[in-house]
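Visitor: Take a look at the following structure, please.
The values are calculated or read from the model by the stated rules, or taken from the named source; none is laboratory data. Note that this is a predicted model, so its numbers are computed, not measured. Positions of Cβ are backbone-derived with ideal geometry, glycine not excepted, and every protein chain shown enters the neighbour counts. Surface accessibility is based on the protein's heavy atoms, side chains included, excluding ligands, DNA and RNA. Shrake-Rupley method; radii C 1.70, N 1.55, O 1.52, S 1.80 Å.
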Amino acid sequence: MFEVGAWRVPSVKRLLRASVAGAPAVVRQCRGPRDEAPGRPRHLAIIMDGNGRWAALRGLSRTRGHQAGVLALPRVVDTALEEGIEHLSLFFFSTENWNRPRGEVAALMRLTAQLADVFRGYGERGVRLRWLGSEARLPRATLAALRRAEDDTRDNHAMTLAFCFNHGGREEIARAATSLARASADGALDPGAIDEALFTRHLPHADLPDIDMLVRTSGEQRISNFMLWRAAYAELFFVDTLWPDFTGEELRALLAAFASRKRRFGAGVGPV
């Protein structure tokens, strides 16, 4: 999650655009989601944390920390493409982050509008951008940029990159419950027919699969209301690395660690 203070958003946009434009065209090189790769997560999610602490440790302003955090994004997206990850979800801003200072929130809204536009450049490399979050309280320009990014990349298939912005796991579940309640009240749904599969179909972007692997940087060991329904059986990785220092090499090491884990989904091991 970006912690944006009163900093110059346009400068970050130029930095990120230059980073994305200078990245190699890895789509032809990546293995692709349909290739055989035992132990590879289909859906990787990352809670990006630690920009402010990164800056404080170096005696820098929070502005510099946020700029460094933005520049970490292409490293991770490029690595996910190269490793053939099918779905990559990045947590930018939670529904609870509205409690931050007004100036910080306003700057973050502007930044996100620009990030959405800049990351449309990944569309040329086969990336589909999707937005997971609530429209509530979002400025018109931010909402328009997110929708534009979705529309312009809707036919891409190399990887889905989900912007989790103004997202809250509980809010998402509440919206699904509201949808089901309305269908039941209208007589279109028998309440007794509601099960996990039906509930999932009422979530936003219901085709997004459950999270297989969830990473949080900065040493914090919580998931902060992130994709609660889809994270039910996620393998959790809490790393001490602050987000601006997070690299593609570290992500590859975590992917290797994921491959070594035994996922049982409630099943036992060995004879009874």
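Visitor: For residue 132, list long-range residues whose amide hydrogen, built 1.01 Å from N in the peptide plane, is under 5 Å from its own amide hydrogen.
Guide: Under 5 Å from the amide H of residue 132: 163, 164, 165.
Visitor: In whole Å, how far is the Cα centre of segment 218-240 from that of segment 135-207?
Guide: Cα centres, segment 218-240 to segment 135-207: 20 Å.
Visitor: Give me the 1.4 Å probe accessible area per residue for segment 65-175, excluding ligands and nucleic acids, in Å².
Guide: Spelled out: the 1.4 Å probe surface of segment 65-175, per residue, equals 36 Å².
Visitor: Say each of residue 136 and residue 188 gets a label point 7 Å from the Cα, pointing the same way as Cα to Cβ; how far apart are those two points in nm?
Guide: That separation, rounded to one decimal, is 2.2 nm.
Visitor: At q = 0.21 Å⁻¹, what base-10 log of I(q)/I(0) does the Debye formula yield for segment 147-224 when every alpha carbon is treated as an equal point scatterer in vacuo?
Guide: Rounded to two decimals, the profile gives -1.11.
Visitor: For segment 97-199, take the convex hull of the Cα atoms, compute a quarter of its surface area, and give me that in nm², please.
Guide: About 8.3 nm², averaged over all directions.
Visitor: Can you give the local net charge around residue 197? Use residues other than it whose beta-carbon is closer than 14 angstrom to its beta-carbon, Lys and Arg +1, Asp and Glu -1.
Guide: Local net charge: -2.
Visitor: Okay, next question. Quickly rank 137-143, 184-190 as a protection proxy: mean count of other C-beta atoms within 10 Å, highest first.
Guide: Peptide ranking by packing, descending: 137-143, 184-190.
Visitor: Taking amide H atoms as placed 1.01 Å from N in the peptide plane, list the residues 5 or more away in sequence, or in a different chain, whose amide H sits under 5 Å from that of residue 160.
Guide: Those lying under 5 Å, H to H, from residue 160 are 87, 88, 128.
Visitor: I need the phi-derived Karplus couplings for segment 233-243: 6.51 cos²θ - 1.76 cosθ + 1.60, θ = phi - 60°, integer Hz, Gly and Pro marked x.
Guide: Once θ is set to phi - 60°, the couplings for segment 233-243 become 10, 6, 7, 9, 10, 9, 10, 6, 4, 6, 3 Hz.
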